[in-house]
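Below is one structure, written out as C-alpha cells; the observations come after it.
The values are calculated or read from the model by the stated rules, or taken from the named source; none is laboratory data. Bear in mind that the values here come from a model prediction, so they are computed numbers and not experimental data. Cβ placement follows ideal geometry from the backbone for every residue including glycine, while neighbour counts extend to all protein chains displayed.
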C-alpha cells in the first residue's frame with residue numbers, strides 16, 4: 001500500500017538534503033572555520049566528511065517527517081537509519097570504486113555520486129516505510145534512535161580527533177581532520 005505522505009516527503013527530502021548538503025560543503029570555510037560549524041560541515045575532502053553532507057540534512061528532515069507522518073509508522077526510525085546508511089555506503093563505495101579504477105576523481109562526478117547517495121537514502125527508507133510490517137518492532141525503533149545519536153557522536157568526535165585511516169584521509173591534501 002502506497003504511503004502518499006512518505007512518498008511526497010521523500011521527494012522533498014531528496015531536494016532538501018541535496019541543497020542543504022551542498023551548502024554544508026562550503027559552510028566551514030565560509031564561517032571562518034568555526035568549530036561549531038565544523039561539527040556539521042565537511043572540514044576537508046575526505047569521504048567521512050562528505051558523508052556528513054548526507055547525514056545531517058537527512059537527520060533534520062527525518063525529524064520534520066516524524067512530526068508530519070512518522071508517528072503513525074511503526075518502522076519509521078529503523079527505515080530512516082537503514083536509508084541513510086545505504087546512502088552513505090553508496091557514496092563511499094561508488095567514490096572509491098570509480099576513483100580507484102581511474103586513479104583520480106572529478107568534482108562533477110563526486111557531486112553526482114552525492115546526489116545518487118541522497119536518492120538511495122530516501123528510496124530505501126521509503127520502501128521500508130511502505131512495507132509497514134518490515135522492521136516494525138518497538139525495540140528496534142529505540143535501537144535505531146540510539147544509532148542516530150551514536151553516529152552524531154562519532155561525527156562530532158572524529159571531526160576533532162580523526163583516526164588516520166583511509167576513509168578519513170583528505171585525498172587533496174593527504175591530511176586528516178581539521
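For the stretch 15-38, what are the residues that are over 20 Å from residue 171 (Cα atoms) and surrounded by 15 or more Cβ atoms within 10 Å (Cβ to Cβ)?
Of everything in the stretch 15-38, those that are over 20 Å from residue 171 (Cα atoms) and surrounded by 15 or more Cβ atoms within 10 Å (Cβ to Cβ) turn out to be 16, 17, 18, 20, 37.
Output yes when any residue across the stretch 104-117 is more than 19 Å from the chain's Cα centre (by Cα), loosely packed, with under 13 Cβ neighbours inside 10 Å, more than 20 Å from residue 18 (Cα to Cα) and without any contact (Cβ under 8 Å) to a residue 12 or more places away in the chain, and no when none is.
Yes; the residues of the stretch 104-117 include at least one that is more than 19 Å from the chain's Cα centre (by Cα), loosely packed, with under 13 Cβ neighbours inside 10 Å, more than 20 Å from residue 18 (Cα to Cα) and without any contact (Cβ under 8 Å) to a residue 12 or more places away in the chain.
From the list 123, 69, pick out the single residue that is touching a residue at least 40 places away in the same chain (Cβ under 8 Å), within 24 Å of residue 25 (Cα to Cα) and surrounded by 13 or more Cβ atoms within 10 Å (Cβ to Cβ).
Answer to the check: 123.
Considering each of 32, 87 in turn, give the residue that is within 18 Å of residue 167 (Cβ to Cβ) and at pLDDT 95 or above.
87
How many residues are surrounded by 13 or more Cβ atoms within 10 Å (Cβ to Cβ) and within 24 Å of residue 95 (Cβ to Cβ) when one looks only at the stretch 126-160?
Final tally of qualifying residues: 10.
Residue pairs, Cβ under 7 Å, 6 or more apart or interchain, first in the stretch 129-143 and at positive phi, second buried (at least 17 other Cβ atoms within 10 Å of the Cβ) and part of a helix (DSSP H, G or I). List them.
Pairs that qualify, where the first residue is at positive phi and the partner is buried (at least 17 other Cβ atoms within 10 Å of the Cβ) and part of a helix (DSSP H, G or I), are 135/78; 135/79; 135/128.
Within the stretch 132-149, which residues are more than 15 Å from residue 82 (Cβ to Cβ) and under 16 Å from the mean Cα position of the chain (by Cα)?
The one that is more than 15 Å from residue 82 (Cβ to Cβ) and under 16 Å from the mean Cα position of the chain (by Cα): 149.
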